[in-house]
Amino acid sequence: MVTTRPRRVAAPAPAARLRPVIEGIRPLVDGGRFRAKAAVGDDVVVEADVFVDGHDLLRCEVRHQCDGDRRWAAVPMQPLGNDRWRARFPVDAVGPHRFTVHADVDRWGTWTRDLAARVGAGQDVAAELGEGAALLAAAAGRAKGADRAALAAASGCLADAVRGLETDLPDLPDRLAAGDTLADLVFGGPLADLARRYGPSDTAVTSPPCPLVVEPALARFANWYELFPRSASPDADRPGTLADVVDRLPYLARLGVDVLYLPPVHPIGTTSRKGPNGAVIAGPDDPGSPWAIGSADGGHTAVHPDLGTLGDFDRLVAAAAERGITVALDLAFQCSPDHPWVADHPQWFRHRPDGSIRFAENPPKQYQDIFPLDFDTPDWVALWEALAEVVWFWMDHGVSVFRVDNPHTKPFGFWEWLIGAVKADRPDVLFLSEAFTRPRVMERLAKVGFSQSYTYFTWRRTKWELQEYLTELAGKADYLRPNFWPNTPDILTDQLQTGGTPAFIARLVLAATLAASYGIYGPAFELQQHAAREPGSEEYAGSEKYAVRHWDLDAPDSLADLVGRVNAIRHDHPALQYDHPLTFHHVDNDQLIAYSKSRGDDVVLVVVNLDPVYPQAGWLDLDLAALAVAPDRPFVVHDLLTDAHYRWDGARNYVALDPAAVPAHVLAVRPVRP
């Protein structure tokens, strides 16, 4: 039997000799499927693993641009060790951006490195100098104008040096060491820049574009405050209006509020209206839940007549803006049984076999006053378009921030489409996701476009829980921005129910200093409302969700001044306006948690007593490098809450916090000048 070897077919030659390898780019979300996030004023930090075969040096840079720009800006990357490289670039315009990592063999740098090594070893380097002259001549051939002339002259100078050194090579090390013009020529900065700029690019590699979205600074840092307009009346005998909220603005400005978040301001249905504390049966004067949207007075694009008119809403938005406050509106895509859509578009709701529509449920909770929308309806295109029209309607009335109710109960694809369409027209519009749900679901919502996300902070209380959770969030920082809330109208934790004033202060300080964005539901928070509907419940007794409340803003136990002080500290200290870098410091007492943040020269160290009952003390072991403090120099910490000053020396320092006084230190770290 005769066998023949298959004919060998030559593989086609590659288009280029691509030598560098680029891996592990960050920020890059799901391989570029989603945009990483940044905000105006940020430095975008790009890292990548870049390496090459053999021993050649690399030159790496990040190239970035706004989408649609013709030119790329370039920033050199610096080696971090172990083939990891880093660069940073500032962003100052909202909208979509992109960046790439570009790498190439640094032939000039490799040549100068090897030349220096050979000179140091006393070797004959005439041939190497000739190679340098050839590199410069080739670079001159690719250059134009003055650059071409400079490179050609340098090449000639180096060639002349080679000829002149043929009988005098032993002098070269001394000439180089003495800073001779030859050393300047070979190792000088201007020449090196030109040689690299016009070096060969046949081995260069550029990564695919990495998408990035830049949002307003408000997406990164803000003090939020939730307020029910119907409870804003100064007169206990009548409910509040939007005009009353305008009158409340000086109070909110004193608190340092950046974002005023309003629950739904739309007409409220009467069918199955909830009574006090969520009772199934309501009385004739019970106002119902603002989240049961829609009545004969209109739906999602109407204002409840008891609150005022669209003109009143416009005046509130304008008056708030004059004080530097942005009005955020609740976006709750659900309907009361009386919403016009129920009659006009019955196909947008899921009907049971008997023709009825099942109300919303989150067992064991039941919402008889709310019909969920059916996103599986065959008429889904019209439904999506109608919901988008709601968003555009309120944008036309000055709303640029939306807090979205329960987005996890709607399709991810819907949010990606809606937010993408909005940002294509208005890149300044922000969306906050109120999704207390599974971590992967919360993360997906952040990826599809939500600017910020509610988190589990509300229930994280021990030092271990807080440190683990903040470490977990740091790993998602490329796309998920947390917004910490100590309380909401739905959530009154047992800590706040039983911990008294120390618990309120500690949770305020933790939320306001661990996260760059945080919020409180007020005036319930500053007035320390702590009574639960019943034991074991996180619902407020007399919940504002179902009743009009009158608040005494001048109550003697109000924490309003403290809230204002904390928010002023946040505005004054850039370190607290970013989520990172965040460093936890060791304390030998698990009831004390210590951490620091820094931004430029601004360093803030926070220590909080997590025990609302007993004084706690312990020894801090500080990471002095994170505090930008020299280990052999004393430093001063200034407590921004109490105005006390302490002189510390070294990493180990003693702290004691009594919850009956102030259960936290917020310390500005200031080195002592020599």
(request) Look at VAL608 and say whether it is open to solvent by less than 40 Å² (accessible area, probe 1.4 Å), closer than 30 Å to ALA253 by Cβ and either in contact (Cβ under 8 Å) with a residue 24 or more places away in the chain or in contact with a strand residue (DSSP E or B) (Cβ under 6 Å, 6 or more places away or on another chain) (or both). (result) yes
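Return the residues of the stretch 326-338 that are in a loop (DSSP other than H, G, I, E, B) and either under 36 Å from the mean Cα position of the chain (by Cα) or among the acidic types (Asp, Glu) (or both); say none if nothing qualifies. Spell out how you get there, then give the answer.
Taking the stretch 326-338 and keeping what is in a loop (DSSP other than H, G, I, E, B), we get 332-333, 336-338.
Residues satisfying the conditions are ALA332, PHE333, SER336, ASP338.
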(message) With under 17 Å from the mean Cα position of the chain (by Cα), surrounded by fewer than 18 Cβ atoms within 10 Å (Cβ to Cβ) and at positive phi as the only criterion, which of GLY41, GLY24, GLY68, GLY31 stands out?
(response) GLY41
(request) Give the residue that is nearest to GLU416 (Cα to Cα), with candidates limited to residues of the stretch 26-49 that are without any contact (Cβ under 8 Å) to a residue 60 or more places away in the chain and touching a Gly at 6+ places or on another chain (Cβ under 9 Å). (result) GLU47
(request) Go through VAL342, VAL441, VAL391 for me and flag whichever is touching a residue at least 40 places away in the same chain (Cβ under 8 Å), in a helix (DSSP H, G or I) and over 30 Å from ARG315 (Cα atoms). (result) VAL342
(message) Suppose we filter LEU432, LEU508, LEU470 for residues that are open to solvent by less than 10 Å² (accessible area, probe 1.4 Å), assigned to a helix (DSSP H, G or I) and either out of contact with any His (no Cβ under 8 Å at 6 or more places or on another chain) or more than 22 Å from GLN591 (Cα to Cα) (or both); which single one remains?
(response) LEU508
(message) I'd like the full set of residues that are under 22 Å from THR301 (Cα atoms) and surrounded by 20 or more Cβ atoms within 10 Å (Cβ to Cβ), limited to the stretch 245-263.
(response) VAL245, VAL259, LEU260, TYR261, LEU262, PRO263
(message) Taking the conditions exactly as written (at pLDDT 80 or above and surrounded by 13 or more Cβ atoms within 10 Å (Cβ to Cβ)), does ARG175 satisfy them or not?
(response) no
(request) Any residue in the stretch 134-160 that's within 14 Å of ARG196 (Cα to Cα): show its pairings with residues that are open to solvent by less than 50 Å² (accessible area, probe 1.4 Å) and among the aromatic types (Phe, Trp, Tyr) at Cβ separation under 7 Å, as long as the two are six or more apart or on different chains. (result) LEU135/TRP108; LEU135/TRP111; ALA139/TYR198; ARG142/TYR198; ALA143/TYR198; ASP147/TYR198; LEU151/TYR198
(request) Could you tell me which numbered condition THR110 fails, if it satisfies all but one of (1) over 27 Å from VAL422 (Cα atoms); (2) not in a helix (DSSP H, G or I)? (result) (2)
(request) State all residues of the stretch 193-209 that are in contact with a strand residue (DSSP E or B) (Cβ under 8 Å, 6 or more places away or on another chain), farther than 27 Å from ARG33 by Cβ and either aromatic (Phe, Trp, Tyr) or open to solvent by 40 Å² or more (accessible area, probe 1.4 Å) (or both); if no residue qualifies, say none. (result) ARG196, SER201
(request) Within the stretch 282-299, count every residue that is in contact with a helix residue (DSSP H, G or I) (Cβ under 7 Å, 6 or more places away or on another chain) and under 15 Å from GLY542 (Cα atoms). (result) 2
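Kindly indicate which of VAL101, VAL105, VAL94 is of a type in the set (Val, Ile, Thr), under 49 Å from the mean Cα position of the chain (by Cα) and within 17 Å of ALA192 (Cα to Cα).
Details: VAL101 fails: within 17 Å of ALA192 (Cα to Cα); VAL94 fails: within 17 Å of ALA192 (Cα to Cα).
Among VAL101, VAL105, VAL94, only VAL105 is of a type in the set (Val, Ile, Thr), under 49 Å from the mean Cα position of the chain (by Cα) and within 17 Å of ALA192 (Cα to Cα).
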(message) For the stretch 649-657, check the following and say yes or no: at least one residue is open to solvent by less than 10 Å² (accessible area, probe 1.4 Å), modelled with pLDDT of 95 or more, of a type outside the set (Phe, Trp, Tyr) and closer than 19 Å to LEU470 by Cβ.
(response) no
(message) Checking LEU212 against (1) buried (at least 17 other Cβ atoms within 10 Å of the Cβ); (2) touching a helix residue (DSSP H, G or I) at 6+ places or on another chain (Cβ under 8 Å), only one condition comes out false. Which one?
(response) (2)
(message) Out of ALA219, ALA292, ALA232, I need the residue that is surrounded by 23 or more Cβ atoms within 10 Å (Cβ to Cβ), free of Cβ contacts under 8 Å to residues at least 24 places away in the same chain and among the aliphatic types (A, V, I, L, M). Which one?
(response) ALA232
(request) May I ask you to say which residue of VAL125, VAL105, VAL119 is among the aliphatic types (A, V, I, L, M), under 30 Å from ASP478 (Cα atoms) and either in contact with a Cys (Cβ under 6 Å, 6 or more places away or on another chain) or open to solvent by less than 30 Å² (accessible area, probe 1.4 Å) (or both)? (result) VAL105
(message) So ALA668 ticks every box in (1) closer than 30 Å to ALA217 by Cβ; (2) open to solvent by less than 10 Å² (accessible area, probe 1.4 Å); (3) free of Cβ contacts under 8 Å to residues at least 40 places away in the same chain but one. Which box is left unticked?
(response) (3)
(request) Determine, yes or no, whether PHE450 is assigned to a loop (DSSP other than H, G, I, E, B), open to solvent by less than 10 Å² (accessible area, probe 1.4 Å) and within 30 Å of ARG350 (Cα to Cα). (result) yes
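The values are calculated or read from the model by the stated rules, or taken from the named source; none is laboratory data. Note that this is a predicted model, so its numbers are computed, not measured. All Cβ positions, glycine included, derive from the backbone under ideal geometry; neighbour counts span all protein chains shown. For accessibility, only protein heavy atoms count, side chains too; no ligands or nucleic acids. Shrake-Rupley method; radii C 1.70, N 1.55, O 1.52, S 1.80 Å.
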